[in-house]
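A.B. asks: Structure below; questions to follow.
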Amino acid sequence: MLDPLTALSLASAVVQLVDFGCKLVSQSQELYHSASGATKHNVTLGEITKDIEELSQNLKKKQEMAHTSGTNDVALEKIVLTCQEEAGKLLRLLNGLELPPGATRWDAFRKAIKNARKAARVEEVESRLAKIQRQLDTHLLYIMSNEQSALLSRLNMIAKEHTSLQLESAHRMEQLKAEIRSYAKRQVDDSNRAQNLSCKLQILAEEGQRVANEETILKSLQFDEWKRRFNVVSKAYKQTFEWMLQDPEDDSRPPTGFKEWLRSQNGIYWIAGKAGSGKSTLMKFLSDHEEVSRCLQAWAGPSTKAVTIPWFFWNAGSPMQKSREGLFQSLLFQILRRCPSLIPIVCSTRWHDFRAYGEKRDPWTLDELSHAFDVLAQQTFPGIRFCLFIDGLDEYDGLPNELIRILRGIAQSHNIKLCLSSRRWTPFREAFEGGKCEGSLLLERYTKPDIEHFVRDLLEKDECFAEAERKDKRYAVFIQDVIERAKGVFLWVQLVVTRLLKGLGERNRLEDLQNRLDTMPRTLKRFFQQMFDRIDEADMTESARIFLITAHAVQPLSITAYHYLEREDREPGFALTCAAKPMSPPQLQHVCRDVSNRLNFLCQDLLEVNESIVDPTFVDYKVDFLHRTVRDFLMTKEMYSQLMQRATKDNTCDWDAHQSLCNVALARAKSLSLQKGIRPGLNVLFALVDEFMFYAHEVENEQKGPLHPLIDELDRVISNYADADMACHWTNARDSPAGLHFNEANHNDFLALAIQSRLDLYVKHTLDHNCNLIGAKAGRPYLDYALRPNIVTPVMLPHLVEFIDFNMVSILLQKGADPNQKVSIYGNITVWGLFLLSCYEKKDASSLQVRNVWFQAAEMMIRKGADRRLKLQTNRRETFTRGSEPNMPDARTAKYRRPIVRGATIEMDVPVDLTAMTILREVFGDGKIAELEAIAPEIKSWGILKAIGWVWSSNP
């Protein structure tokens, strides 16, 4: 389908051509200005003809571009074809004019036109051109006024995305639409109406495309978890942390220098602290505080806007929440959303691709993100400066020194400064303490008054305690004892006060409170151990299973997941046999209340329900650990072993966390409200499916036994949902990966998904029971899914990297998959050829581990007869000095693609012809290529018979 914005550009070209023709043949038109600058006094007939030809070519070019985009505006297509015909007739008329000998001037041309008018030839042309004008005006009025038109739908969608992304860039689309409607209605008294209309149409097309490209790139950077950790961090308790923003003379604590840093300094300010000391809460408090904004405004200056950008690492979260990719993508998304004018500069390659080809792109690579951030750090931001609040450096899943280097690089920008927080690990101390950054503080040295306020406020809210404190001054001493024991750890004092409040009532004598306090451990680890040890023996198995599935879940689970866990424990096989039926709202409310109470009882407050993150399908809440330190404690070798013993009842029963998560995901899939089809809930559906497949892969890895019935049941359930709105298998509802040769052409199926999910045992089991599946597969062969396992998913999963499962390749080859099979939907490129092109394209961005698996796969396919003499054409990125680059035809048809100018050089993709062995040499190097050249392909039995000349015959 046409992108309607391309239609606007096409309409603009029609207006230009028709207007030019009308003015040329009109009796009243006395002025002429050619494209070359000639006026009526010196213009030649050749120049007039040349202008018409150029306008006609421009129209043809834009029509081809529209066809490339999939144009289907039938009315506009008819107008364009009519216009092209009239341009041809006009050229023939001009070529047939009888001019006086040697006459080339405008006056002579006008006389010739008048003579042609007498013969009615000019009047016919004029009438037809006027008719085209009226038709186009009518069509423009329709597409600009009808809310159901493709154009207005597209422009409205762009405007809606603009708002939802909170994109801080102005656009003139509404104003331009109104002006175009006025011109089309001929309400504007303007002798240059047509030229202005053409100009407005082109500007609206370019403006809409610009905003659409900005939105597309920002959406490619955005990911679901980008603000999840920030949202679940507790807000600062009232009247705490205010000292960070007070002037030094207004507070008894040592000066922090933070406010001065906000107002006038660049660089880095580091907040260090113990686990549980409140670092994340403080960072959330600061990044969203009005006083911080005011101070930063003084730093930015009167004509520049100051903006805070938060990013909170979370080690217990998804891969994106603890990685460089997540850091870069989140920061780029938030910064570019505020400065969209920088998108074409910072994301130049993607911007050019979207602008020139409108094509989807693969997910951002780390190299691409790093380059974008390097470019960003060198820019002068237009009227805006940023302060980044990056929390939890110790929760980053890479090397601390690597992260420090990245952050120091960002801080070099004149327009970006960073407030960082972490535990006081050695690499961070060596990088930031002792004057090595612009400012720092150790949090627990400053929070004692805050902790005192917190303890007093909570305890004194209890009327009995407050009354006792008024009568007995020793209660004040008791409060000081609690504060001193906290040693600056807010989480510890929160747990202690909660425990004390639970015991208040009739037993609120000071001696009772002191005894209770004395029994409480003084470190978080011992506190967690005590809470864990208090779990009743009868509940140990269930609580251990809850802890384990929470720890192994790839993202926080819905509260309903724990309901299905309990059902599966009570009724083994429940997920497999239960009917697919959504919960009613009253049922859901009851389940949420029941599970929330049960979690509190069974897990001793070590888990919490986060009401700020609502599951869009179940309208319930997510469950997570009270604090990262709880998960760290439970995942220590000693505690994990203890949990497993409890969960399996000392190895007397067969229980596995990943298999339980499969059961839970299947039960949740059966409770989806998708009776009318799957398309309304695709993101939720595929998130559940991909989580299920990941857990099933982990079960196979652990060799816990086959899950074939569960996996088949998942396919059956979703197939039943999909029957309502899909004619092909439901896996075809998923978006195809970006790039060439991934379109499924509706031939995807569940076995292909299992191959991409690396379910070796399931795939082997399926092929063992039906050996004809490989040969019967239409579209992409199964072997191609194993060699290029790219998949688009709404959830970040640890194994979803482009990493070939060698065992899967081996299984498929043993079952008869042919590496030389041609793929008709990809222009008859072989599976082997697609694999080679994929390796060549990604060779520079792939790790040694990935290339080793590629080598193993190549080695095995060559043994199975892969064609080492295969010839392929692909693109190579090359750099040229400006002026020496190859000639480039029109951008949409060019074989030299994605040109990017960098100073005196230009980069572009240049077509190259390569052989299979050339690609293998470039990917693996000369040292490995000899091994591949020495491989002797296996000869099948029928090949041996053929080789020795045996011929089967019915004769004896």
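A.B. asks: Check Glu242, Glu290 and return the single one that is open to solvent by 40 Å² or more (accessible area, probe 1.4 Å) and either closer than 23 Å to Arg456 by Cβ or touching a residue at least 12 places away in the same chain (Cβ under 8 Å) (or both).
C.D. replies: Among Glu242, Glu290, only Glu242 is open to solvent by 40 Å² or more (accessible area, probe 1.4 Å) and either closer than 23 Å to Arg456 by Cβ or touching a residue at least 12 places away in the same chain (Cβ under 8 Å) (or both).
A.B. asks: Could you check how many residues of the range 374-397 are small (Gly, Ala, Ser) and either assigned to a helix (DSSP H, G or I) or open to solvent by less than 30 Å² (accessible area, probe 1.4 Å) (or both)?
C.D. replies: Counting residues in the range 374-397 that are small (Gly, Ala, Ser) and either assigned to a helix (DSSP H, G or I) or open to solvent by less than 30 Å² (accessible area, probe 1.4 Å) (or both) gives 2.
A.B. asks: Here's something else I'd like to know. Please specify each residue of the range 806-854 satisfying the condition of being among the β-branched types (Val, Ile, Thr), within 13 Å of Leu787 (Cβ to Cβ) and either open to solvent by 50 Å² or more (accessible area, probe 1.4 Å) or in a strand (DSSP E or B) (or both).
C.D. replies: Hits for the range 806-854 are Val823, Ile829, Thr830.
A.B. asks: Restricting the search to the range 578-604, which residues are among the charged types (D, E, K, R) and either touching a residue at least 24 places away in the same chain (Cβ under 8 Å) or not in a helix (DSSP H, G or I) (or both)?
C.D. replies: Hits for the range 578-604 are Lys581, Asp594, Arg598.
A.B. asks: Among the residues of the range 101-111, is any modelled with pLDDT of 75 or more, in a helix (DSSP H, G or I) and either open to solvent by less than 50 Å² (accessible area, probe 1.4 Å) or out of contact with any Lys or Arg (no Cβ under 6 Å at 6 or more places or on another chain) (or both)?
C.D. replies: no
A.B. asks: What number of residues in the range 182-213 are open to solvent by 40 Å² or more (accessible area, probe 1.4 Å), modelled with pLDDT of 80 or more and among the charged types (D, E, K, R)?
C.D. replies: Looking only at that region, the number is 3.
A.B. asks: Considering only residues of the range 214-237 that are assigned to a loop (DSSP other than H, G, I, E, B) and touching a residue at least 60 places away in the same chain (Cβ under 8 Å), which is most open to solvent (accessible area, probe 1.4 Å)?
C.D. replies: Among residues in the range 214-237 that are assigned to a loop (DSSP other than H, G, I, E, B) and touching a residue at least 60 places away in the same chain (Cβ under 8 Å), the one most open to solvent (accessible area, probe 1.4 Å) is Gln222.
A.B. asks: If Arg408 satisfies all but one of (1) open to solvent by 40 Å² or more (accessible area, probe 1.4 Å); (2) at positive phi, what's the number of the condition it fails?
C.D. replies: (2)
A.B. asks: I need the full set of residues from the range 300-315 which are open to solvent by 20 Å² or more (accessible area, probe 1.4 Å) and either in a helix (DSSP H, G or I) or of a type in the set (Ser, Thr, Tyr) (or both), in order please.
C.D. replies: Once the filter is applied, which keeps residues that are open to solvent by 20 Å² or more (accessible area, probe 1.4 Å) and either in a helix (DSSP H, G or I) or of a type in the set (Ser, Thr, Tyr) (or both), the range 300-315 yields Ser303, Thr304, Thr308.
A.B. asks: Please identify the pairs in which a residue from the range 839-854 that is closer than 17 Å to Asn875 by Cβ has its Cβ atom under 8 Å from the Cβ atom of a residue that is acidic (Asp, Glu) and surrounded by 12 or more Cβ atoms within 10 Å (Cβ to Cβ), counting only partners at least 6 apart or on another chain.
C.D. replies: From residues that are closer than 17 Å to Asn875 by Cβ, the pairs are Tyr840/Glu922; Lys842/Glu802; Lys843/Glu922.
A.B. asks: I've got another one for you. Filter the range 639-658 for residues that are open to solvent by 40 Å² or more (accessible area, probe 1.4 Å) and closer than 16 Å to Met540 by Cβ and give the result.
C.D. replies: Tyr640, Ser641, Gln642, Met644, Gln645, Lys649, Asp650, Asn651, Thr652, Cys653, listed by residue number.
A.B. asks: Ok, one more. Quick one: in the range 761-792, of everything that is free of Cβ contacts under 8 Å to residues at least 12 places away in the same chain and either open to solvent by less than 10 Å² (accessible area, probe 1.4 Å) or not in a loop (DSSP other than H, G, I, E, B) (or both), which residue is nearest to Glu744 (Cα to Cα)?
C.D. replies: Out of the qualifying residues, it is Ala776.
A.B. asks: Let me ask another. Any idea how many residues of the range 675-686 are surrounded by 22 or more Cβ atoms within 10 Å (Cβ to Cβ) and over 16 Å from Ala724 (Cβ atoms)?
C.D. replies: 1
A.B. asks: I need the full set of residues from the range 827-837 which are on the phi < 0 side of the Ramachandran plot and modelled with pLDDT under 90, in order please.
C.D. replies: If the condition is that a residue be on the phi < 0 side of the Ramachandran plot and modelled with pLDDT under 90, then no residue fits.
A.B. asks: Out of the residues in the range 316-341 that are small (Gly, Ala, Ser) and outside any helix (DSSP H, G or I), state the one that is modelled with the highest pLDDT.
C.D. replies: Within the range 316-341, the match that is modelled with the highest pLDDT is Ser323.
A.B. asks: Looking at Ile404, is it of a type in the set (A, V, I, L, M, F, W, C) and within 34 Å of the chain's Cα centre (by Cα)?
C.D. replies: yes
A.B. asks: Within the range 470-500, track down each residue that is surrounded by 20 or more Cβ atoms within 10 Å (Cβ to Cβ) and in contact (Cβ under 8 Å) with a residue 60 or more places away in the chain.
C.D. replies: Passing the criteria: Gly488, Val489, Phe490, Leu491, Trp492, Leu495.
A.B. asks: Does the range 533-547 contain at least one residue that is in a helix (DSSP H, G or I), of a type in the set (Asp, Glu) and open to solvent by 60 Å² or more (accessible area, probe 1.4 Å)?
C.D. replies: yes
A.B. asks: Can you pull out every residue in the range 454-465 that is modelled with pLDDT of 85 or more and either loosely packed, with under 13 Cβ neighbours inside 10 Å or under 47 Å from the mean Cα position of the chain (by Cα) (or both)?
C.D. replies: Phe454, Val455, Arg456, Asp457, Leu458, Leu459, Lys461
A.B. asks: Let me ask something else. Answer yes or no: is there a residue in the range 773-786 that is among the β-branched types (Val, Ile, Thr) and over 25 Å from Gln849 (Cα atoms).
C.D. replies: Checking the range 773-786: at least one residue is among the β-branched types (Val, Ile, Thr) and over 25 Å from Gln849 (Cα atoms).
A.B. asks: Now for a different question. Out of curiosity, is Arg516 in a helix (DSSP H, G or I) and closer than 23 Å to Lys238 by Cβ?
C.D. replies: no
A.B. asks: So which pairs qualify, if the first residue must be in the range 698-726 and of a type in the set (Asp, Glu), the second must be open to solvent by less than 70 Å² (accessible area, probe 1.4 Å), the Cβ gap must be under 6 Å, and the two must be at least 6 apart or on different chains?
C.D. replies: If the second residue must be open to solvent by less than 70 Å² (accessible area, probe 1.4 Å), the pairs left are Glu698/His658; Glu713/Leu576; Asp715/Phe750; Asp725/Gly677.
A.B. asks: Can you name the number of the only condition in (1) surrounded by fewer than 17 Cβ atoms within 10 Å (Cβ to Cβ); (2) at pLDDT 85 or above; (3) under 27 Å from Tyr762 (Cα atoms) that Phe803 fails?
C.D. replies: Going through the list (1) surrounded by fewer than 17 Cβ atoms within 10 Å (Cβ to Cβ); (2) at pLDDT 85 or above; (3) under 27 Å from Tyr762 (Cα atoms), Phe803 breaks only (2).
A.B. asks: What are the residues in the range 731-754 that are of a type in the set (A, V, I, L, M, F, W, C) and open to solvent by less than 50 Å² (accessible area, probe 1.4 Å), if any?
C.D. replies: Ala733, Ala738, Phe742, Ala745, Phe750, Leu751, Ala752, Leu753, Ala754
The values are calculated or read from the model by the stated rules, or taken from the named source; none is laboratory data. The structure displayed is predicted, hence computed values, not measured ones. For neighbour counting, all protein chains shown are included, and Cβ atoms are generated from backbone atoms with ideal geometry for every residue, glycine included. Areas reflect the complete protein model, heavy atoms only, side chains present, ligands, DNA and RNA absent. Shrake-Rupley method; radii C 1.70, N 1.55, O 1.52, S 1.80 Å.
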